[in-house]
Each structure stands twice: as structure tokens, then as C-alpha cells.
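The values are calculated or read from the model by the stated rules, or taken from the named source; none is laboratory data. Computed from a prediction, not measured in an experiment: that's the story for all the values here. FYI the Cβ positions are ideal-geometry reconstructions off the backbone, even for glycines, and counts take in every protein chain you see.
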Amino acid sequence: MKENFVNIIFYFTGSGNSLAIAKRIGKKVGDCNLIHVNSKLGFIKQIEADVLGFIFPIYSWGMPVMFKKFVKQINIAKSNYVFVVANYAGSIGNGLGLFQKEMIKKNIEVDAFGDIKMPSNYVIMGNSHSQNEAALVIEKANILIDNFAQKVLDRQKNLMYKVKFPGKLLTSLVYPMFAWYIAKSDKTFFFTDKCNGCGICEKICPVNNIILNENKHPVWQHHCEQCHACFHWCPQHAIEFNKKTADKNRYTHPDIKVSELF
Ligand SMILES: Cc1cc2nc3c(=O)[nH]c(=O)nc-3n(C[C@H](O)[C@H](O)[C@H](O)COP(=O)(O)O)c2cc1C
Ligand code: SF4
Ligand code: SF4
């Protein structure tokens, strides 16, 4: 006989896409605790859940570094059904494979793998979607999210997509460099005179990498995850990542309020 525990979804997010997916799946599955993986999350001794989900954005064809560390250190004591959803903007690589590898080390079988294309929030070497472009991507994504949520509800298996050689190569070569470089990548970040000292950037950073100085302006602490949250959520568009980001789009998921991420 199956024991009944609460359902839990762990998510990491910068611009809100992963939380929007978590909310949509959580609503369908019911009785779901949505837990934001950030530096406010204390140590979790062990996890017991009926349905246990993990949702993260793809960064450089891999997993957000702090999310990977989180997944490595958790102890899943009991779970009846485990799923994972990676969301990405165009090229997923073997990001889900990295997750699967961590679960295999724990002897946990992942029942369902999801990959959902969402609007891009990446601005350093490309551009994120505008809110109008994003609306079309979200419309298509919502259909896929609902299909996936139904599978979770029915406790169906959903195998991982087959990762082709170029995807595996990008993950194995580029992702480690990304993971090595991001902490100090904030050295080029700056604020402009549009900053009014509201403090949202300090509150929204998932890793406490921003502290406001005595003039209420952001100072970056060089342990950045490159989630892009400070750039996109600043209400004054006063944060720049380098001199080229001034003309880039600011994107946040339309169904997510900034306060949901504090
Ligand atoms: C640092 C960084 C790296 C990214 N790398 C990739 C990538 O390799 N492939 C891809 O398709 N999208 C990439 N993206 C786009 C995000 O995966 C995508 O927009 C995601 O839906 C953002 O989710 P979030 O709003 O929950 O943070 C990257 C975004 C960031 C911020
Ligand atoms: S969120 Fe923007 S306006 Fe507010 S303190 Fe930070 S940089 Fe300044
Ligand atoms: S400083 Fe900005 S980009 Fe870096 S982790 Fe914090 S919110 Fe994300």
C-alpha cells in the first residue's frame, strides 16, 4: 500500500518562468508545497513526499550551480513519484542528464522528465524576449506544461529525450567553464542614475549577492549565480550587466509578481 505524504516541488528561478511552471503543475497535482531554492532555505535533513518535483532553468547547457549543489546534498527518504522539468530558451544540451546523474548516485529513479521551451531571459551574449514575443512562447508552453502535469497526476512515466552528441559536448565542455566563472561575473555589473534606492535587487537576489550601500545603491558581492533576476526585476531598469545591455529587453514572467520571489 502507498503511504500518503505531502507533495513538494523545489524550484530555482531568475525571471519567474520556473515558478510559473511549478505553480501550474502544483495546481493540477494539488496539495503541493512549492519551495524556492535560495540562500534563505535552511538545511533540509530529509525529504518525504508523495510527489516530488524539481524545476530549474537551463544555464549554459547545464543546471544552475546552486541548484546542482542543493540536489547533491539532499537526502530523499521517501517518495512515491519523482519528476523533473528543465526549462530553456532554445538549446537544452544535457542539463537533464546532469540531474539524472545526481539521482542515480542516490538510487532514486526519476519517473518523468520534462523539457519546456520558455521565453529567454539571457542578455549577456544574446537578448531576452520582449514581453510581447514572450506571450506567444508562453501560450505554446502552457499546453506542454498542462500535458506534463496530467502525466504527473496520472503517475505516468515520461522518459528523457535522447541527447545528441553536440548537446552532450556543450554540456561537458562549456558548462564547467560557466560554473567556474559565474561567481565573479558580477564585476562588470553596475547601476545607473535611474536607481532610486528601492531595494528590490537586494531582496530578489537568491544568493544574497547584493547589499545596498549607505546611499541605498546596490553593491555586488562576487558570489553571483548569474540568474539575471536583478537585471530583469529592477523597476527602474537601472541595472546593467555591461555597457552592451542598455538596449536589451527586460523580461519577467507575466503571471509572477516580484514579491513572490522574496
Ligand atoms: C546564465 C544563463 C544561461 C542560460 N543558458 C541557456 C542555455 O544554455 N540554453 C537555453 O536554451 N537557455 C539558456 N538560458 C535561458 C533560460 O534557461 C530560460 O530563459 C529559462 O526559462 C529561465 O527561467 P527562469 O525564469 O526560471 O529563470 C540561460 C539563461 C541564463 C540566465
Ligand atoms: S532594484 Fe533598481 S532601483 Fe531598486 S535599488 Fe536596485 S538598482 Fe536601484
Ligand atoms: S547578483 Fe543578480 S544575477 Fe547575480 S545571483 Fe544575484 S540577482 Fe542573480
- Message: Anything in segment 156-180 that is at pLDDT 95 or above and aromatic (Phe, Trp, Tyr)? List them, or say none.
- Response: 175, 178, 180
- Item | Which numbered condition residue 130 misses (of (1) within 20 Å of residue 58 (Cα to Cα); (2) in contact with a Ser or Thr (Cβ under 9 Å, 6 or more places away or on another chain)) | (2)
- Restrict the check to segment 192-208 and report whether at least one residue is within 11 Å of ligand 2 (Cβ to nearest atom), surrounded by fewer than 20 Cβ atoms within 10 Å (Cβ to Cβ) and small (Gly, Ala, Ser). yes
- Query: Which residue, of 115, 146, 111, is among the charged types (D, E, K, R), more than 27 Å from residue 242 (Cα to Cα) and surrounded by 19 or more Cβ atoms within 10 Å (Cβ to Cβ)?
  - Reply: 111
- Item | In segment 187-221, the residues that are under 17 Å from residue 238 (Cβ atoms), assigned to a helix (DSSP H, G or I), free of Cβ contacts under 8 Å to residues at least 40 places away in the same chain and within 16 Å of ligand 1 (Cβ to nearest atom) | 201
- Query: In this structure, does residue 243 turn out to be more than 16 Å from ligand 2 (Cβ to nearest atom) and in a loop (DSSP other than H, G, I, E, B)?
  - Reply: yes
- Of all residues in segment 226-239, how many are more than 12 Å from ligand 1 (Cβ to nearest atom) and either in contact (Cβ under 8 Å) with a residue 60 or more places away in the chain or surrounded by 19 or more Cβ atoms within 10 Å (Cβ to Cβ) (or both)? 3
